[in-house]
Amino acid sequence: MQFQSLIKRAMIGAAMLGAAGTLQAQGVVKLGLVAEFSGPFAQYGQQILGGMKAYMKQHGDTVAGKKIEIVQKDTTGPAPDVAKRLAQELVTRDNVDFLVGFGLTPNALAVAPVATEAKKPMIIMNAATSIITTKSPYIVRVSMTLPQITQPMAQWAAKNGIKKVYTVVADYGPGLDAEAAFTKAFKAAGGEMVGSVHTPLQNPDFAPFVQRVKDAKPEAVFLFLPAGEQGIAFMKSYKERGLADAGIKLIATGDITDDGVLDAMGDPTLGLVTSFHYSASHNSPENMAFKKAYAEANGTTLRPNFMAAAGYDGMAAIYEALRKTNGSTDGDKIMAALKGMKLSSPRGAIMIDPETRDVVQTVYIRKVEKTGGGLYNMEFDKFPDQKDPGK
Ligand code: PHB
């Protein structure tokens, strides 16, 4: 009798514990962060996570009664097979509710089918090739697309007296998108394309490409390179080969003058005109608050860049979606909540296009200037309400 009641008590205890366990599991929302945390693109992961942490610093780690947890995975660079395996593990072993991050296009493309299969919302915080959002109905992009950023640059260049352009782009999705968008918009505005080269994504040596551009004598070079170290290397070749001295202007998307490396690129960038959606110098209360929270959460050694801003906005979108679903993480309910969402981002107002699930935003034209605090991209012109023109 005594033994039976002991067992009974143990069973009730286990049941209670089980219930409590379930309750606890239900009280947590897990974000599986897939990004580049090592290798030459390690700053991508660092900036994205830094932005996510800044949001949590400002808004706390709970929303709609749920605690937000980040499970972090390193793709080590452009490694689609690794990214896919990590995403599968996050879904099956870690039981995550969202897949987030994705600095590089090849990694985002590889994970799209995992999001579809598992019905997990996938929030793109950088990867910027136009087609990415078409690869799964569970993808939302809060960053940018290269055509969206490039078209205004081409229109601005044509309007400002530049007639002959040579394009230099990284030889993969975003670079090819940038080249196509620039060529189309620049020709439509009466400009002439005089040549193009594609540079390798891994370990590029820019000297021969830069020489080729110099020999073709264009009025300007239009450049897209993935943010970070490549920009530093390109600017070195551009200066060494005397392109500026030969009167060849440089115009680019703002990836090249990424806030994380701009000071390291130094004075050769002064006066460089770029188009982009985010500058650390953007003058708004939202951006001031973002930069303050970023420094509090991550220290002050790294200036937040556009990837940090997208990490921050991605978190804002997730928090807002969870509020709308009353904490439900059901993939379809979250997607419905994300479509058409408007946010006050550090870059200005943004919207998730309900049809394409891509971001709609202002694209700014900026110029590198020296301020008391170092080199900054100073916004001086803008193209409001830009959609991805590829869709
Ligand atoms: C991308 O791989 O999509 C990518 C990477 C770095 C950038 C922009 C786009 O600066």
With respect to the numbered conditions (1) more than 25 Å from H277 (Cα to Cα); (2) open to solvent by less than 10 Å² (accessible area, probe 1.4 Å); (3) within 22 Å of the chain's Cα centre (by Cα), which one is the sole condition not fulfilled by N203?
-> (2)
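Matching residues to (1) outside the structural domain of G331 (by TED's automatic domain parsing); (2) farther than 30 Å from Q26 by Cβ:
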position: R93; (1), (2): no, no
position: D97; (1), (2): no, no
position: L104; (1), (2): no, yes
position: E117; (1), (2): no, no
position: I123; (1), (2): no, no
position: I131; (1), (2): no, yes
position: P137; (1), (2): no, no
position: M153; (1), (2): yes, yes
position: A158; (1), (2): yes, yes
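Quick one: is V100 touching a Pro at 6+ places or on another chain (Cβ under 9 Å), touching a residue at least 40 places away in the same chain (Cβ under 8 Å) and either in a strand (DSSP E or B) or open to solvent by 30 Å² or more (accessible area, probe 1.4 Å) (or both)?
Details: touching a Pro at 6+ places or on another chain (Cβ under 9 Å): yes; touching a residue at least 40 places away in the same chain (Cβ under 8 Å): yes; either in a strand (DSSP E or B) or open to solvent by 30 Å² or more (accessible area, probe 1.4 Å) (or both): yes.
So V100 fits the description; yes.
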Every listed condition ((1) open to solvent by less than 10 Å² (accessible area, probe 1.4 Å); (2) more than 16 Å from the chain's Cα centre (by Cα); (3) in contact (Cβ under 8 Å) with a residue 60 or more places away in the chain) holds for D313 save (2)
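Rundown of residues vs (1) within 18 Å of the chain's Cα centre (by Cα); (2) surrounded by 24 or more Cβ atoms within 10 Å (Cβ to Cβ), yes/no style:
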| site | (1), (2) |
| --- | --- |
| N107 | yes, yes |
| E117 | no, no |
| V140 | yes, yes |
| M144 | yes, yes |
| A154 | no, yes |
| I162 | no, no |
| G173 | yes, no |
Selection within region 165-174 - within 16 Å of the ligand (Cβ to nearest atom) and in a strand (DSSP E or B) | T167, V168, V169, A170
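Tell me whether region 295-305 contains one or more residues that are crowded, with 17+ Cβ neighbours inside 10 Å, among the small types (G, A, S) and either at pLDDT below 95 or within 21 Å of the chain's Cα centre (by Cα) (or both).
First, pick out the residues of region 295-305 that are crowded, with 17+ Cβ neighbours inside 10 Å: 295, 297-298, 302-305.
Keeping just the survivors that are among the small types (G, A, S) gives 295, 297.
Retained after the next criterion (residues that are either at pLDDT below 95 or within 21 Å of the chain's Cα centre (by Cα) (or both)): 295, 297.
Among the residues of region 295-305, at least one is crowded, with 17+ Cβ neighbours inside 10 Å, among the small types (G, A, S) and either at pLDDT below 95 or within 21 Å of the chain's Cα centre (by Cα) (or both), which makes the answer yes.
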Return a yes/no flag: does region 316-331 have any residue that is closer than 30 Å to Q230 by Cβ and aliphatic (A, V, I, L, M).
-> yes
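When you look at V91, is it over 16 Å from S38 (Cβ atoms), of a type in the set (A, V, I, L, M, F, W, C), open to solvent by 10 Å² or more (accessible area, probe 1.4 Å) and away from the ligand (no atom under 15 Å from the Cβ), yes or no?
Details: over 16 Å from S38 (Cβ atoms): yes; of a type in the set (A, V, I, L, M, F, W, C): yes; open to solvent by 10 Å² or more (accessible area, probe 1.4 Å): yes; away from the ligand (no atom under 15 Å from the Cβ): yes.
Taking the combined requirement at face value, the residue satisfies it.
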Residues in region 345-355 that are outside any loop (DSSP other than H, G, I, E, B) and either touching a residue at least 60 places away in the same chain (Cβ under 8 Å) or buried (at least 20 other Cβ atoms within 10 Å of the Cβ) (or both): how many?
-> 4
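Quick check, is I149 within 15 Å of the ligand (Cβ to nearest atom), under 20 Å from the mean Cα position of the chain (by Cα), open to solvent by 10 Å² or more (accessible area, probe 1.4 Å) and of a type in the set (A, V, I, L, M)?
Values: within 15 Å of the ligand (Cβ to nearest atom): yes; under 20 Å from the mean Cα position of the chain (by Cα): yes; open to solvent by 10 Å² or more (accessible area, probe 1.4 Å): no; of a type in the set (A, V, I, L, M): yes.
When the stated conditions are applied, I149 does not pass them.
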Check off (1) more than 16 Å from the ligand (Cβ to nearest atom); (2) open to solvent by 10 Å² or more (accessible area, probe 1.4 Å); (3) more than 17 Å from T274 (Cα to Cα) for E229 and give me the number that stays unchecked.
-> (1)
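Look at A220 and say whether it is touching a residue at least 60 places away in the same chain (Cβ under 8 Å), surrounded by 15 or more Cβ atoms within 10 Å (Cβ to Cβ) and over 24 Å from M307 (Cβ atoms).
Details: touching a residue at least 60 places away in the same chain (Cβ under 8 Å): yes; surrounded by 15 or more Cβ atoms within 10 Å (Cβ to Cβ): yes; over 24 Å from M307 (Cβ atoms): yes.
Considered against the rule, which asks whether it is touching a residue at least 60 places away in the same chain (Cβ under 8 Å), surrounded by 15 or more Cβ atoms within 10 Å (Cβ to Cβ) and over 24 Å from M307 (Cβ atoms), A220 comes out as yes.
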In region 112-132, which residues are touching a strand residue (DSSP E or B) at 6+ places or on another chain (Cβ under 6 Å), away from the ligand (no atom under 12 Å from the Cβ) and either of a type in the set (S, T, N, Q) or not in a loop (DSSP other than H, G, I, E, B) (or both)?
-> A115, M122, I123
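Can you pull out every residue in region 356-384 that is free of Cβ contacts under 8 Å to residues at least 60 places away in the same chain and under 18 Å from the mean Cα position of the chain (by Cα)? Lay out the reasoning, then the answer.
If we filter region 356-384 for residues that are free of Cβ contacts under 8 Å to residues at least 60 places away in the same chain, which is where we start, we get 360, 372-373, 380, 382, 384.
If the condition is that a residue be free of Cβ contacts under 8 Å to residues at least 60 places away in the same chain and under 18 Å from the mean Cα position of the chain (by Cα), then V360 is the only one that fits.
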Residues in region 70-81: is at least one away from the ligand (no atom under 16 Å from the Cβ) and in a loop (DSSP other than H, G, I, E, B)?
-> no
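The values are calculated or read from the model by the stated rules, or taken from the named source; none is laboratory data. All values reported here derive from a predicted model rather than from experimental measurement. Note that we place each Cβ from the backbone using ideal geometry, even for glycine, and neighbour counts take in every protein chain shown. Side chains included, ligands, DNA and RNA excluded: accessible areas come from the protein's heavy atoms. Shrake-Rupley method; radii C 1.70, N 1.55, O 1.52, S 1.80 Å.
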